[in-house]
Amino acid sequence: MKNFRKEILGILIITFLTVNISACQAQKSVSESDVKVETKKKKKKKKKKYKLPNIDLSHWKVTLPVTNEKGKPYEIEPPEILDFANNKVAKPYMYIDSTKGAIVFHAMPTNSKTTNTKYTRSELREQMEPGNNNKNWTFADGAYMKGKLAMDATTKDADGKYHRTIIMQIHGRLTNEQRDLIGEDDNNAPPILKIYWDKGKVRVKTKILKNLNASYEEMLHDDAWDDDEGFNFKEEVGFRKFTLEVKISEGKMVVILNGNEYKVYENVHMRKWGVFENYFKAGNYFQSRDKGSFSKVRYYELEVSH
């Protein structure tokens, strides 16, 4: 009987130990499984990717919608513009969006206005020779600009229509000799090209000579030129990314949207425009003085060649 009890007790002890070992193994297995799941979850968390715009600013200066100590529009020229991201004055108006890989140009109505305009801008101005505004190009020299951009945000007017902004320009410029010849106090000449973001579409405006028989000296005056009726590309870009190209050659200007819509200007007005020097502009030249209005334009890529 004693031996039988011992056998029963032994069986119970072995059973108890077996159950405990199994339970521990199961618990360990569950614990390891949890760790594996947790590890997998952690691995799934991807690091945020930072993107930078593909834009070389070494041949551009920028004009911002804020005044300097002299009450004039604040400008940053090369080489300082290369470090614009660390410029405290520039940060609200020109900054990098590293999630989009773009430079954002932010403009709104302020007292920072350039000559002969009521509007403000956060806009780049080409400098063929860094820091020098006096070296520019003519149509005979040829020129090319390409940008990849998008409207980031813009406000609406009292009628519920989006405010428009100029996103690219070719601006004319008088040489010092031409300036002195017509008795002007600055080198400003009209813009031969304005490209607008206008209610979700791309609109192009250029100049026409009022009197085709005007003399060389007469053509140098602003009032010798008038605005054309303008042209709208068919595609609606809205707030999506798009590309713009501008190709210049003697007597000819071509504007291209997304590589498949073309507007060609090849006429007497383009040939007559050959009297002027020119420079490219790109960014956000905001076309409203409405209270509280603004727009933000993103530039992903910008290139120029001559």
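The values are calculated or read from the model by the stated rules, or taken from the named source; none is laboratory data. The shown structure was predicted, so the numbers you read here are calculated from the model rather than taken from an experiment. With ideal geometry, Cβ positions are generated from the backbone for all residues, glycine too; neighbour counts draw on all protein chains shown. Side chains are part of the model used for accessible areas, which takes the heavy atoms of the whole protein and leaves out ligands, DNA and RNA. Shrake-Rupley method; radii C 1.70, N 1.55, O 1.52, S 1.80 Å.
With respect to the stated conditions, Asn176 fails to be over 16 Å from Asn278 (Cβ atoms) and either open to solvent by 80 Å² or more (accessible area, probe 1.4 Å) or in contact (Cβ under 8 Å) with a residue 12 or more places away in the chain (or both). Checked against (1) outside any strand (DSSP E or B); (2) touching a residue at least 40 places away in the same chain (Cβ under 8 Å); (3) within 30 Å of His106 (Cβ to Cβ), Gly259 meets all criteria but (2).
Residue count for region 268-306 under the criterion of being open to solvent by 60 Å² or more (accessible area, probe 1.4 Å) and under 21 Å from Pro65 (Cα atoms): the result is 5.
Criterion first (touching an Asp or Glu at 6+ places or on another chain (Cβ under 9 Å), over 19 Å from Asp186 (Cα atoms), outside any strand (DSSP E or B) and in contact (Cβ under 8 Å) with a residue 24 or more places away in the chain) does Ala90 satisfy it? So Ala90 fails the test.
So Lys70 passes all but one of these: (1) in a loop (DSSP other than H, G, I, E, B); (2) touching a strand residue (DSSP E or B) at 6+ places or on another chain (Cβ under 8 Å). Which condition number does it fail? Single failed check for Lys70: (2).
Listed here are the residues, each with its yes/no results for (1) closer than 17 Å to Ala189 by Cβ; (2) part of a strand (DSSP E or B); (3) touching a Ser or Thr at 6+ places or on another chain (Cβ under 8 Å); (4) modelled with pLDDT of 95 or more.
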residue	(1), (2), (3), (4)
Arg240	no, no, no, yes
Thr243	no, yes, no, yes
Val246	no, yes, no, yes
Met253	yes, yes, yes, yes
Trp273	yes, no, no, yes
Tyr299	no, yes, no, yes
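Selection of first residues in region 59-84 that are under 22 Å from Val304 (Cβ atoms) and of second residues that are assigned to a helix (DSSP H, G or I), restricted to Cβ pairs under 8 Å at least 6 apart or on distinct chains, gives the following pairs, ordered by first then second residue: Trp60/Ile81; Lys61/Ile81; Val62/Ile81; Val62/Phe84; Ile76/Phe84.
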